[in-house]
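See below for the structure under consideration.
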Amino acid sequence: MNNENIKIPNHVGIILDGNGRWAKARGLKRTAGHLAGYENLLKLSKYVLTRGTKYLSVFAFSTENFNRPQEEVDYLMDLFIKGFNRDRGYFNKENIKVVFSGRRDRLSDKVLAAMDQMMEETKDNTLGTLNICLNYGGRAEIIDAVNKIINSNEKNITEETFKKYLYNDLPDIDFMIRTSGEVRISNFMLWQLSYAELYFPECYFPDFNEIEYDKALEEYTSRNRRFGGLNK
Ligand code: FPP
């Protein structure tokens, strides 16, 4: 497809799936797959936002992921600390603002400090926003919003006022990608996904590169979004 005709979604969501299988296929430990996934995310986020998308949300760690073997949870937490501390400079150089969505409980002080410093140091960047969902659950986000509203003076809740109580002020997701061929939403951004186009490529996340993303955009361009209205 001609590049000029490609439609660029304003908000893309990605469920980063298949790191473990990517590693297993290479005779490596699962954790090597997470490292490769993280390195891929650095490159891919730059590519997605440089192509004109303004918001990229990624599912890095669900509340349920705490049920994985302790060794794997520890590895991921350590990757978050080391990765975020190492890559603040990268996100600043690429002019990417980084925010986080999720509950802060169960995360160690070191993880929280790395997240807070990342948010603080990238808050003025303007290319686009990378929203990292960490210790995140879509239902939990809605419940947490409801509890904030109960404790507020809000009287008449509309969709617009409700949205303000979610973890971050983000527009609806236009296009949701889950890598590795699994066809599930798995509690990812339930409020924001209401009208998203969904795409499930077979490729594992560490292999989901610029070429794969361009294929995804072709697929998005071919979809006819109706938002419940009539075919145009
Ligand atoms: C799913 O693969 C991936 C995760 C649970 C973690 C995702 C984490 C990363 C990509 C690295 C860190 C990323 C950020 C954004 C800081 P899986 O382990 O479920 O793979 P499998 O289904 O093949 O076992």
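Computed from the coordinates by the stated procedures, all read-outs in this text should not be read as laboratory data. Quick caveat, the model's predicted, so the values are computed rather than measured. Reconstructed Cβ throughout: ideal geometry from the backbone, glycine too, with neighbour counts over all protein chains shown.
Below are the figures for this structure:
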{"item": "Pairwise label distance in nanometres, R104 with R223, each label 7 Å out on the Cα-Cβ vector", "result": "3.4 nm"}
{"item": "Mean Cα-pair separation over length for the range 63-157, i.e. relative contact order, pairs under 8 Å, 6 or more apart, %", "result": "33 percent"}
{"item": "Contour excess over end-to-end distance, with Cα ends at L198 and D74 and 0.36 nm allotted per residue", "result": "41.5 nm"}
{"item": "5 Å-binned pair-distance histogram of the range 1-88 (Cα, whole percent)", "result": "3, 12, 19, 22, 18, 12, 8, 5, 2, 0"}
{"item": "Overall form of the range 75-211 per C-alpha gyration tensor (a/c, 1.5; a/b vs b/c)", "result": "oblate"}
{"item": "Inter-site label distance for E64 and I185 at 7 Å from Cα along Cβ, in nm", "result": "1.3 nm"}
{"item": "Interchain or long-range residues, amide H under 5 Å from D17's placed H", "result": "T179, F205"}
{"item": "Mean residue ellipticity (222 nm) of the chain, computed from DSSP H runs ≥ 4 via -39,500 (n - 2.57), nearest 500", "result": "-13500 deg cm²/dmol"}
{"item": "Under 28 Å from K54, Cα to Cα: lysines that are on another chain or at least 8 residues apart", "result": "K7, K43, K46, K82, K93, K97, K123, K148, K163, K164, K215, K232"}
{"item": "Prolate/oblate/rounded call for the range 132-232, Cα gyration tensor, a/c under 1.5 rounded", "result": "oblate"}
{"item": "Calculated SAXS-style log₁₀ I(q)/I(0) at q = 0.12 Å⁻¹ - the chain, Debye, Cα scatterers", "result": "-0.68"}
{"item": "Calculated FRET value between R139 and E4, using beta carbons and R₀ = 35 Å, to 0.05", "result": "0.30"}
{"item": "Relative contact order %, the chain, counting alpha carbon pairs below 8 Å whose residues are six or more apart", "result": "28 percent"}
